[in-house]
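Step one of this worksheet: look at the structure below.
The values are calculated or read from the model by the stated rules, or taken from the named source; none is laboratory data. Note that the structure is a prediction, hence the values are computed from the model and not measured. Here the Cβ positions follow ideal geometry from the backbone for every residue, glycine too, while neighbour counts run over all protein chains shown.
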Amino acid sequence: MQTQLFIDGRFVPALSGETLATLNPHDNSEIAQVSMAGRADIDRAVDAAKAAFPKWSNMAAADRGRLLLKLADAIEANADELARLESLDTGHPIRDTRNLDVPRTAATFRYFGGMADKIEGSVIPVEAGFLNYMTREPVGIVGQVVPWNFPLMFTSWKMAPALAAGNCVVMKPAELTPLSSLAIAELMAEVGFPAGVVNVLPGLGHVAGQYIAEHPDISKVAFTGSTAVGRKIVQASSGNLKKVQLELGGKGANVVFSDANLDAVVQGSAFGIFHNQGQACIAASRLIVHESVADELLERFIALARSIKIGDPLDPSTEMGPLTSQLHRDRVLSYVDIAREQGGRVLSGGKAPDLAALAKGCYVEPTIVAAKPTDRVAQEEVFGPFVTVSTFSSDEEALAIANGTEYGLGAGLWTQNLQRAHLVARQLRSGMVWINCYKRVSPASPFGGVGASGYGREMGFEVMREYTQPKSVWVNVDANIPPYYPR
Ligand code: TAP
């Protein structure tokens, strides 16, 4: 297990010598002491990235791609170890880290390995006598700041497109969950990424994260995290007018029409909110149900929620693990009181499980709360296994509720009516919409939101625009045409 900063191709301690314990949320025991980067360490990493940039950005794109493909293979070869490390550090059940997080991480590096030599420019049809072409160039040194909810996967979402495009990276994982990003850095060194191309520096958000956003030699900052910190990133980035990409919070609407297939709704909605203990920006955290099917749906949804097996993330039969930290667990539970204060009714859960074996961990039962759409619990991102339920009587009312928060990241709808499905999808104020499913993601499909959910997109060809900048080149190709505008 690597626990030091990865700078210029080597693992090194922080210049200050500072470390911080990373804990296992199952029992709050210490896993390891991890070096914490300060501003001087970020400077070292930026210098290493600057030194590596000319060679890396001029390397044949296919060769950059080949390294990403090799990394994907190395991730698969080390899948068990990576899954275990991620489960230990985050609390994700091992069945999820094995079946989802690790394969998706490899798939993302592989997709962008293939993408590296597919980024083309264009020729623009301008006036006769001139050739105008556009190339896409890397942005330069890219700063990346990621949260703790899917640290392994987000390392790939952030790094893979940036590297495919020819940028060099200085990345800060969350202080709570640095281990899997450091493991990826180790694999990168093994498969032959040149020193300095990637630097991974665990550190505190308000120190290392803030400095990455401020740094005068970093040309772009890509951030995934809360809306509140996203606003700070924008302010900090203004000094050198960096490019900013923000993947922020969400309050996913999950709309169930009266003609929906309720079997599918129950399963899909449970996955939508309880997978990863609800710690997902795209969690289906608001169940919005037509009044005619609400009683039947709720009865089945509550039964499923109560049957979910909570336990040690390393037990392969565990379906829901602990939240990632004690502080966050307390925050999630505080929303149960907030719900009650505004007249909300707890239909299921609302507390830590009564199991002695889980007493030291950060566990919360799957929680279902009936609440008004305007209540705080239906407006603010709880980021836990906590779903609000409200009802509607018309399609217009369903849309008004679904669009009635400041967020606009992911939303789902369930209906057998094709016309309604497409009409509502079009009217939802949301970067992503799932019809008769929820929380599908792919490296090929644009991911991101609108409003308080941020701007810019990850994944697919869209993200390559984020990590490149266009250059327009004019060539005078006809000696008979004066190279100036006639007077
Ligand atoms: P944040 O508190 O915003 O932290 C995210 C990252 O920002 C962490 O690495 C954090 O460092 C760092 N940070 C904190 N203060 C900073 C500052 N002043 N300047 C620069 N960086 C700073 O979010 P979180 O609680 O870890 O993660 C949950 C949030 O992320 C939720 O709102 C969730 O919706 C959002 N999220 C969004 C998406 C997408 S793709 N839209 C995906 C996942 C999560 P430390 O933790 O080390 O302090």
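A few remarks follow.
- The lone criterion from (1) within 12 Å of the ligand (Cβ to nearest atom); (2) free of Cβ contacts under 8 Å to residues at least 40 places away in the same chain left unmet by residue 241 is number (1).
- Summed over the stretch 446-458, the residues that are crowded, with 22+ Cβ neighbours inside 10 Å and in contact with a Ser or Thr (Cβ under 9 Å, 6 or more places away or on another chain) give a count of 4.
- Within the stretch 143-189, tally of residues that are farther than 27 Å from residue 472 by Cα and either away from the ligand (no atom under 16 Å from the Cβ) or of a type in the set (Gly, Ala, Ser) (or both): 10
- Spans of helices (runs of 4 or more DSSP H) in the stretch 43-142 with at least 1 residues at pLDDT 95 or above, hydroxyl-bearing (Ser, Thr, Tyr) and more than 27 Å from residue 475 (Cβ to Cβ): 79-90, 102-115
- Of the listed requirements (1) polar (S, T, N, Q); (2) modelled with pLDDT of 95 or more; (3) not assigned by TED's automatic domain parsing to the domain that holds residue 345, residue 480 misses just one: (2).
- The strands (runs of 3 or more DSSP E) located wholly in the stretch 143-228 that include 1 or more residues which are of a type in the set (Phe, Trp, Tyr), touching a strand residue (DSSP E or B) at 6+ places or on another chain (Cβ under 6 Å) and at pLDDT 95 or above occupy 220-224.
- Some residue of the stretch 44-67 being over 19 Å from residue 163 (Cβ atoms) and either assigned by TED's automatic domain parsing to the domain that holds residue 190 or without any contact (Cβ under 8 Å) to a residue 40 or more places away in the chain (or both): yes
- Scanning the stretch 41-91 for residues that are over 25 Å from residue 212 (Cβ atoms), in contact with a strand residue (DSSP E or B) (Cβ under 7 Å, 6 or more places away or on another chain) and surrounded by fewer than 23 Cβ atoms within 10 Å (Cβ to Cβ) yields nothing.
- Residue in the stretch 208-216 that is crowded, with 19+ Cβ neighbours inside 10 Å and touching a Leu at 6+ places or on another chain (Cβ under 8 Å) present: yes
- Residue that is surrounded by the fewest Cβ atoms within 10 Å (Cβ to Cβ) [pool: residues in the stretch 391-423 that are within 27 Å of the chain's Cα centre (by Cα) and either in a loop (DSSP other than H, G, I, E, B) or among the polar types (S, T, N, Q) (or both)]: 406
- Among residues of the stretch 1-13 that are surrounded by 16 or more Cβ atoms within 10 Å (Cβ to Cβ), those with a beta-carbon under 8 Å from a residue that is charged (D, E, K, R) at least six positions away or on a different chain give the pairs 2/186; 5/41; 6/186; 7/41; 7/44; 8/44; 11/186.
- For the criterion of being within 8 Å of the ligand (Cβ to nearest atom), part of a helix (DSSP H, G or I) and not aliphatic (A, V, I, L, M), residue 235 fails.
- For the stretch 352-367, a tally of residues being not in a loop (DSSP other than H, G, I, E, B) and not small (Gly, Ala, Ser) returns 2.
- In the stretch 451-477, the residues that are within 17 Å of residue 242 (Cβ to Cβ) and of a type in the set (Phe, Trp, Tyr) form Cβ pairs under 6 Å with partners that are in a helix (DSSP H, G or I) and modelled with pLDDT of 95 or more, at six or more places apart or across chains, as follows: 467/161; 467/162.
- Taken together, the criteria place residue 442 among residues that are in a loop (DSSP other than H, G, I, E, B), hydroxyl-bearing (Ser, Thr, Tyr), surrounded by fewer than 18 Cβ atoms within 10 Å (Cβ to Cβ) and modelled with pLDDT of 95 or more.
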